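Input: a single structure, listed below in structure tokens.
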Amino acid sequence: MSNPIQITMAGYGPPTTAFSKSLKFIGDKLQAEFGDRVAIEYIWNVMDHGYKAEDIITLVESGKMTLGYQSSSYLTDRVPELGFVDLPFLFASNDQARAAMDGELGQLLVRRTEERLNFRILGWFENGFRHISNRLRPVHVPSDLKGMKIRVLPSEVQKRTFDLLGAVAMPMDLSEAIAMIKAGTLDAQENPLANTVTYGVHKFHKFHTLTYHFYISRPVFLHRQSFDGWPDDFKRAMQKAVTEAVAFQRKLAIEEHEQSRKIIEDAGCEIVELNAKEHAAFVDAVAPLTADGRKMYGEAMFTMVPKI
């Protein structure tokens, strides 16, 4: 075909991650159905091309790239409602969080995001539950974090969370955090175990604590004008491919967690699993944020979190 639909998909990790594999899943589905009607390019890691991880947002908004993903926390400055899903200990399980993001809560957040950004959002990848790693000492209770410089995502809710826990919260892009971790000028970070391994943080941080403090999703977003301008059959196929890729990615995310835990342990690192009392200490320390969240976001959003 002389003028195929051009699609550039972008991420910020190597091709081996669940996210990259899921981009390829989408592309393969479209290629199988449309053949030479579509031409697909993959940019697995924009940081390999001189960009920051956060630049995916503007690259897709501008149409320079067609499809990308990014942790929702990066969008909270423009979509305040996304701060709701940054609240600590909002979700108790993957199933509960997935049901919320696939249901009424996720639909509301899609509408609010599309009102403010030049996107079409077709689904939510799972970045999953986040844990703390550091280079200084084992962390069992919030007081163990006192004075630790920790990288957090660029979200005011996340910064306040770690301020309440006694750490020195430093919002920054992933690329900056990696450089500081390697230089030893950043004491701690928080991420799913898979991210910790993907970016090699376990080579510099000996201590890892399974806190499950945030559950973060990554919207799968497309350049609005590109998506809206496609033929209806192609738009339907893209939506179907993304929906199936979300299920594919979430399954891989569970496998990645277990594999990453083993890699961390095999590297000689220490993993702390909190007991009930220790976990409660973290929940209690950040309770003021939940109270503030009820005032800021309203009770309606809390009712959109399915009961467990």
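The values are calculated or read from the model by the stated rules, or taken from the named source; none is laboratory data. If you're wondering where the values come from, they're calculated on a predicted model, not measured in any experiment. As a convention, Cβ positions derive from the backbone with ideal geometry for all residues, glycine included, and neighbour counts pool all protein chains shown. We work out accessible area using only protein heavy atoms, side chains counted, and drop any ligands, DNA or RNA first. Shrake-Rupley method; radii C 1.70, N 1.55, O 1.52, S 1.80 Å.
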TODO: Sort out which residues of the range 93-106 are within 23 Å of Pro154 (Cα to Cα), among the hydrophobic types (A, V, I, L, M, F, W, C) and either under 16 Å from the mean Cα position of the chain (by Cα) or open to solvent by 10 Å² or more (accessible area, probe 1.4 Å) (or both), and write them in order of number.
DONE: Ala97, Ala100, Met101
- [ ] Go through (1) of a type outside the set (Lys, Arg); (2) loosely packed, with under 15 Cβ neighbours inside 10 Å; (3) farther than 28 Å from Arg37 by Cα; (4) out of contact with any helix residue (DSSP H, G or I) (no Cβ under 9 Å at 6 or more places or on another chain) and name the single condition Gly229 misses.
- [x] (3)
TODO: Name every residue in the range 260-292 that is touching a residue at least 24 places away in the same chain (Cβ under 8 Å) and either under 11 Å from Leu193 (Cβ atoms) or of a type in the set (Phe, Trp, Tyr) (or both), in order of residue number.
DONE: Ser260, Arg261, Ile263, Ile264, Cys269, Ile271, Phe282
- [ ] With respect to Val139, determine if the residue is assigned to a helix (DSSP H, G or I) and either in contact with a helix residue (DSSP H, G or I) (Cβ under 6 Å, 6 or more places away or on another chain) or aliphatic (A, V, I, L, M) (or both).
- [x] no
Open item on the list: I'd like to know if the range 78-94 contains one or more residues that are closer than 17 Å to Ser217 by Cβ, in contact (Cβ under 8 Å) with a residue 12 or more places away in the chain, charged (D, E, K, R) and part of a helix (DSSP H, G or I).
Closed with: yes
Task: Odd one out for Phe89, checked against (1) in contact with a strand residue (DSSP E or B) (Cβ under 6 Å, 6 or more places away or on another chain); (2) farther than 20 Å from Ile121 by Cβ - done: (1)
Task: Which listed residue is assigned to a helix (DSSP H, G or I) and of a type in the set (Ser, Thr, Tyr), from Thr161, Thr209 - done: Thr161
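Name every residue in the range 107-125 that is of a type in the set (A, V, I, L, M) and either crowded, with 17+ Cβ neighbours inside 10 Å or in a strand (DSSP E or B) (or both), in order of residue number. Walk me through how you get there before you give the answer.
If we filter the range 107-125 for residues that are of a type in the set (A, V, I, L, M), which is where we start, we get 108-110, 117, 121-122.
Those that are of a type in the set (A, V, I, L, M) and either crowded, with 17+ Cβ neighbours inside 10 Å or in a strand (DSSP E or B) (or both): Leu109, Val110, Leu117, Ile121, Leu122.
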Task: Residue check for Ile254: closer than 28 Å to Pro80 by Cα and exposed (fewer than 15 other Cβ atoms within 10 Å of the Cβ) - done: no
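For Thr76, are the conditions met, namely being among the hydroxyl-bearing types (Ser, Thr, Tyr) and more than 22 Å from Ile132 (Cα to Cα)?
no
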Task: Among (1) among the aromatic types (Phe, Trp, Tyr); (2) under 27 Å from Ile254 (Cβ atoms); (3) open to solvent by 30 Å² or more (accessible area, probe 1.4 Å) - the single one Tyr51 does not satisfy - done: (2)
Open item on the list: Here is a list: Ser226, Ser260. Which entry is among the hydroxyl-bearing types (Ser, Thr, Tyr) and in contact with a Leu (Cβ under 7 Å, 6 or more places away or on another chain)?
Closed with: Ser260
Open item on the list: Against the condition crowded, with 17+ Cβ neighbours inside 10 Å and among the acidic types (Asp, Glu), how does Asp86 come out, does it pass?
Closed with: yes
- [ ] Evaluate the following for His223: is it of a type outside the set (Val, Ile, Thr), modelled with pLDDT of 95 or more, closer than 21 Å to Thr8 by Cβ and open to solvent by 10 Å² or more (accessible area, probe 1.4 Å)?
- [x] yes
Open item on the list: What's the total number of residues in the range 257-308 that are open to solvent by 40 Å² or more (accessible area, probe 1.4 Å) and in contact with a helix residue (DSSP H, G or I) (Cβ under 7 Å, 6 or more places away or on another chain)?
Closed with: 8
Open item on the list: So the check is Cβ under 8 Å with 6+ separation or different chains; which pairs have a first residue in the range 172-188 that's crowded, with 17+ Cβ neighbours inside 10 Å and a second one that's polar (S, T, N, Q)?
Closed with: Ala177/Gln189; Ile181/Gln189; Asp187/Asn134; Ala188/Ser133; Ala188/Asn134
Open item on the list: open to solvent by 70 Å² or more (accessible area, probe 1.4 Å) and under 20 Å from Glu176 (Cα atoms): which single residue out of Thr76, Thr16, Thr58 fits that description?
Closed with: Thr58
